[in-house]
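S.K.: The structure's right below; bear with me while I get my questions together.
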Amino acid sequence: MISYLIILGTTAYMVPHFHKFMTLPVAAIIYTKVFVDTPASPSDISTEGEAERILHELEQARRFYWINSGMRLNIELHSIVVDSFKLSSEIYSPEEYRPPKPELVKKILTEHELQNVVGVVHIAVELRFNANKGKYVYTGAGGGLTCGIGDSGYGISWWQSPPPGAYVDNSWLFVHEFNHQVDALFHASGYPEYWFNHPSPTENNVARFGEHFDCNAYILRKWPDSLWFNMKFGMVDSSLDMDADGFPDNDDRVPLDEARFGSSSKAIDTDHDGLTDKEEAMLLHWCDSGVDERFCSGHYMPDPHSMDSDGDGIPDSADIYPIYPISTRITRNDWWNCHFDDSLLSGDVWISRTDSSLIFKFELDKEAKIKLQIDADDNGWFIGRDNYKIVINPDGSLRAKLIVNASIPGEWPFDDKKLLADDNIRSFKVEHEGKYIYYLEVPRNYYTGMELLDCEIMGFLFGFRPLGYSRYITVFEPHHLIRLMLSGDCPNL
């Protein structure tokens, strides 16, 4: 509802509306040149540009939190970059899990007048000499640790930065590790029901979501809007929102506002497509760089000036997937199709079905390793024994077939290679007119949920890794399982 006009006499006055959100002040301590052992000539080893890269990746993580919290959680990041040469023993305590030295962290915060932060992220570009390669290499391999808020008054997450071009970057490490801090802040505020972001039926924190970013986006989106303001840490903040659509107008304190999104601050629904500007911005998780995955560079974005963002002829408000121009039905007599374009490779995904199997055809302009995930019951990647992971080698041979098994009481989900050991999953490759065409057949298997019934809904993820590249390029947003229905006499999704 918009209500911002007051008429006094013959004069109308605009009454401003404000969007309320929580701001958490967080310090990012970034060391750009840390060595496990003393190098002979540390000044000759360059890590130029690493601070800028890391800060850019942290900004992506800030945006992820902001969007997926419904624009309720603003992480106010204060960066402290230490460019001077350091030894690992100078910044880390001697314990096996190598926490940052608390007295040094406190000293740095005090020097920068940041004693009131509620969280710290401690990131080091740490280098170790590799004798086999004859050069210094990054120690960061993609893992991190977190201690929730304690006597210091702040929580702390720490990790060693992965190198440029690795399978994972600092945006993921921030999203995952800092969510442990958010969990601890809510727990200390009397809300232990905020979900732990290691999903497992044993933890009662599973639902219809995929891995990594998809899981964390779900946790943020499911948290009740009003409860963000029950956190006893940080501060309640506000920003001008003249059309009262829950989307700040123009405020550089937050990661995204209407000015940067391109929508109007004077209309709840700029393009009159039936979605509010905020709903349109939230069509994506805003996750381009995933874990072992990257969103294809040619993907559609929500367009606040178009009633049909993906140009498929269906208005956004009536479109199940407003940014993916796809059908949602897999039929017996025709191929389901999705085209994708990326700076590294382009291609088409085709799916058809018989009464006893799913048939996939991947037509690419370059050879690639292919990853397919199927949530056969469409109930979430961490529920049941119906979660298929299939990998095809660039030569067309089958590299892996397994089930992520979350069906055993009392056990965490695990990669189960036994359930599909006797399954006749087949793949091969042909080359035709400069195209590399990969075929895959996945047969019916009642025990693993691959029932192939009419009107059955399944979740799918498709990824393609070009030769020499470190990640799978995904057709849809990384880690998100798109929902498709097997044809039959049934209503639409």
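S.K.: Taking interchain pairs and intrachain pairs at least six residues apart, which have beta carbon atoms under 8 angstrom, with the first residue in the range 10-22 and farther than 16 Å from TYR65 by Cα and β-branched (Val, Ile, Thr) and the second part of a loop (DSSP other than H, G, I, E, B) and modelled with pLDDT of 60 or more?
M.R.: If the second residue must be part of a loop (DSSP other than H, G, I, E, B) and modelled with pLDDT of 60 or more, no pairs are left.
Per-residue answers, yes or no, for (1) closer than 26 Å to TYR218 by Cα; (2) surrounded by fewer than 19 Cβ atoms within 10 Å (Cβ to Cβ); (3) of a type in the set (S, T, N, Q); (4) touching a helix residue (DSSP H, G or I) at 6+ places or on another chain (Cβ under 6 Å):
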position	(1), (2), (3), (4)
GLN60	yes, no, yes, yes
ASN68	yes, no, yes, yes
ASP83	no, yes, no, no
LYS107	no, yes, no, no
VAL118	yes, no, no, no
ASN132	no, yes, yes, no
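S.K.: Would you kindly identify the strands (runs of 3 or more DSSP E) lying entirely within the range 265-371 that contain at least 2 residues that are under 24 Å from ILE425 (Cβ atoms), in contact with a Leu (Cβ under 9 Å, 6 or more places away or on another chain) and assigned by TED's automatic domain parsing to the domain that holds ILE390? It would help to see each step written out before you state the result.
M.R.: On the way: elements: 293-295, 336-341, 346-353, 357-364.
Fully inside the range 265-371 and qualifying: 346-353, 357-364.
S.K.: Follow-up question, since we're still on this one. Taking the condition modelled with pLDDT of 95 or more, touching an Asp or Glu at 6+ places or on another chain (Cβ under 8 Å) and in a loop (DSSP other than H, G, I, E, B), does VAL206 pass? Before the answer, list the steps.
M.R.: Values: modelled with pLDDT of 95 or more: yes; touching an Asp or Glu at 6+ places or on another chain (Cβ under 8 Å): no; in a loop (DSSP other than H, G, I, E, B): yes.
Criteria not met by VAL206.
S.K.: Please specify each residue of the range 204-237 satisfying the condition of being exposed (fewer than 14 other Cβ atoms within 10 Å of the Cβ) and in contact (Cβ under 8 Å) with a residue 12 or more places away in the chain. Can you show your working first?
M.R.: Within the range 204-237, the first condition is being exposed (fewer than 14 other Cβ atoms within 10 Å of the Cβ), and the residues that meet it are 204, 222, 224-226, 229-230, 232, 236.
Residues satisfying the conditions are LYS222, ASP225, PHE229, ASN230, LYS232, VAL236.
S.K.: Being in contact with a Leu (Cβ under 9 Å, 6 or more places away or on another chain) and not in a strand (DSSP E or B) is the filter here, so list the residues in the range 425-475 that pass it.
M.R.: Matches in the range 425-475: ILE425, ARG444, TYR447, THR448, LEU452, LEU453, ASP454, CYS455, GLU456, TYR469, VAL475.
S.K.: Collect the residues in the range 114-142 that are touching a strand residue (DSSP E or B) at 6+ places or on another chain (Cβ under 8 Å), more than 19 Å from TYR92 (Cβ to Cβ) and without any contact (Cβ under 8 Å) to a residue 60 or more places away in the chain, keeping them in residue-number order.
M.R.: ASN130, LYS135
The values are calculated or read from the model by the stated rules, or taken from the named source; none is laboratory data. All values reported here derive from a predicted model rather than from experimental measurement. With ideal geometry, Cβ positions are generated from the backbone for all residues, glycine too; neighbour counts draw on all protein chains shown.
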